[in-house]
Structure formats: C-alpha cells, structure tokens
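Visitor: Below is one structure. I have some questions about it.
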Amino acid sequence: MGFKELIVKLESLFSSQAPGSLEKKSVHDFAEGRIHERYPVSYSDAITITTEKSEVYNVLNISFGGFASPLPHGNESFYSRGQRAHIEFLGDSCPALIHKVYQGPEYVGFRFEHRDEKTLVFLREIIEYLRLGATLHILRKEFLIKEFQSDSWVCLRGEGPSELSFHLDQSETTDEARFSFKSGEESYKIIFKNGVFKTQTSERPTAPQPNRHLIKIFLCVLAGLKNNVISDQLHSIYEAGKGFIANKSAS
C-alpha cells in the first residue's frame with residue numbers, strides 16, 4: 001500500500017476524533033504515580049540525556065517529572081543515587097540531576113530532581129511544542145480549501161490553532177511543508193520548499209533569513225507527532241532542519 005492510499009485510511013480513522021483532543025493518561029501513568037503528562041518523542045535523536053559517566057540516553061518520552069529511554073548497550077548497572085547529566089536538544093543543553101527509578105531488560109526510567117528552576121525552564125518549551133505536535137490530527141479533504149484537496153496534500157490541525165500541511169511529489173517524497181501556529185497575539189509560519197526553510201511572523205511577513213528558533217519549534221512539533229506514519233514521512237524534513245540548525249550554530 002502506497003503512502004497516499006494509507007493516508008486516505010488515516011483520514012477516515014481520525015475524522016471521528018475532535019481536532020486537538022489528547023489521549024487520557026494510561027493506567028500505567030497512575031500505577032507509577034506520575035503527576036505529569038508524558039509525551040512521546042518520535043525521533044530518537046531529538047532529545048538526549050548524557051550523564052557524568054558519559055552514558056547517553058535517547059529519550060522515548062518525557063515530562064517535567066522524568067523520561068524513559070531504551071537501555072544503552074552494555075549498561076546493566078542500577079544507580080540508586082542521583083546523577084549529574086545534561087539534557088541536549090538540537091544543539092542546546094542544560095544541566096540536570098536525574099535519578100533512575102526503573103530498569104527493565106530493554107528500557108530505563110528516570111525522574112528529574114529539580115533543585116532550581118533552570119531545568120524546568122529548559123524543559124518548558126520542549127514539552128510545550130511536543131504537546132502541540134501531539135494534538136495534530138489529519139483533516140478530511142472536504143474540510144479543506146481547494147488548494148489542499150488534491151491527494152498530493154496531507155493536512156493536519158491541532159490546538160492553538162496550529163496547522164501542518166505537506167505535499168508529496170510523484171514518488172511520494174515530501175517536497176514541501178508548511179506549519180503555522182499562534183503564541184499570544186503573534187502568528188508564526190515555517191515553510192520548507194525546494195530544500196530551503198523560510199520563516200514568517202505577523203510582524204515580519206518577509207524575513208531576510210530563516211529564524212533558527214522558529215525552525216527548532218517546528219522540529220520539536222514534528223518530534224511530538226503521535227502518528228508514526230506521518231512522522232516517518234516527514235523525517236527527511238526533520239533531518240534537513242537539524243542540518244540547518246547545526247550550520248547556524250557553527251557559523
């Protein structure tokens with residue numbers, strides 16, 4: 001089954017869900033005593049945690065209270081004390097204190113020990129936009145303007161309001177994507193087309209250079225998508241954004 005045929009099925013599946021609706025907490029959340037919603041991370045390298053012992057954890061899901069990760073190869077130890085670590089997200093990092101609370105044969109869970117506000121402030125924006133990505137659901141064609149009713153376009157809408165649209169070429173490769181959202185009274189838009197990023201704001205509709213921060217927000221939203229079919233299709237744009245941010249950081 002091609003991607004376009006699969007999307008038709010997904011449009012039907014998600015049309016019965018209210019745009020922006022979030023899943024309720026699972027029984028496991030309550031059983032483990034979690035008080036913070038955890039959000040899945042679609043791309044395994046989007047958020048990493050590096051400990052003082054140089055152990056690197058790729059984050060599977062994260063909240064203000066903690067995170068889960070696949071167990072790093074060869075790591076069979078279980079630390080009962082806190083460890084100093086760094087949270088790394090697309091070129092930015094923040095010190096943190098983490099405490100391992102669970103270790104199984106494949107996964108490990110940590111909680112954050114917040115001694116000051118620094119880690120909370122760093123996590124706030126990451127989690128805010130992971131959450132926004134989690135609200136995005138596919139829209140049926142009859143709800144779209146004419147431009148997007150072609151089978152070559154896939155459109156999603158979430159809270160905010162926020163909108164994500166992407167276009168497929170004849171080989172079903174994503175060659176264009178548009179994401180728009182609001183924050184307070186301001187509106188923002190990120191466009192990827194022909195391998196180039198552009199950013200717009202309600203104050204600056206035509207920016208001479210793409211805004212690095214807005215592109216990071218876009219990548220965080222992509223990492224928060226709950227639909228693996230969509231996140232896989234947009235992985236090439238995520239990688240292009242990572243390359244853009246890395247080049248900006250190095251310049």
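Nothing in this text is a laboratory measurement; each read-out follows from the coordinates by a stated rule. Here the structure is a predicted model, which is why all the values come from computation and not from measurement.
Visitor: Report, in whole Å, the centroid distance computed from the Cα atoms of the stretch 163-198 and the stretch 210-251.
Guide: Comparing the Cα centres of the stretch 163-198 and the stretch 210-251, I get a distance of 11 Å.
Visitor: Also: Per-residue HN-Hα couplings for the stretch 138-151, Karplus 6.51 cos²θ - 1.76 cosθ + 1.60 at θ = phi - 60°, whole Hz, x for Gly and Pro?
Guide: 5, 9, 6, 4, 5, 8, 9, 5, 4, 4, 9, 7, 5, 5
Visitor: Could you compute how fast the stretch 126-245 diffuses translationally, taking Rh as the Kirkwood radius over C-alpha pairs and applying Stokes-Einstein at 20 °C with viscosity 1.002 mPa s? Give it in µm² per second.
Guide: Numbers: Rh = 14.5 Å.
Here the translational diffusion coefficient equals 148 µm²/s.
Visitor: Still on this model: Find how much the distance from D116 to S44 grows on full extension, using 0.36 nm per residue of separation minus their present alpha carbon separation; answer in nm with one decimal. If you can, show how the numbers build up before the last one.
Guide: Details: separation 72, 0.36 × 72 = 25.92 nm, distance 2.73 nm.
Answer, rounded to one decimal: 23.2 nm.
Visitor: Going down the table (K100/K226; K118/K242; K141/K216; K100/K198; K100/K242; K53/K216), which pairs top 31 Å between alpha carbons?
Guide: Among K100/K226; K118/K242; K141/K216; K100/K198; K100/K242; K53/K216, the Cα-Cα distance tops 31 Å for K100/K198.
Visitor: Could you derive backbone 3J(HN,Hα) for the stretch 93-103 from the dihedral phi with the Karplus parameters 6.51, -1.76 and 1.60 (θ = phi - 60°), listing whole Hz in sequence and x where the residue is Gly or Pro?
Guide: Per-residue couplings from phi come out as 9, 8, x, 8, 10, 10, 9, 6, 10, 8, 8 Hz.
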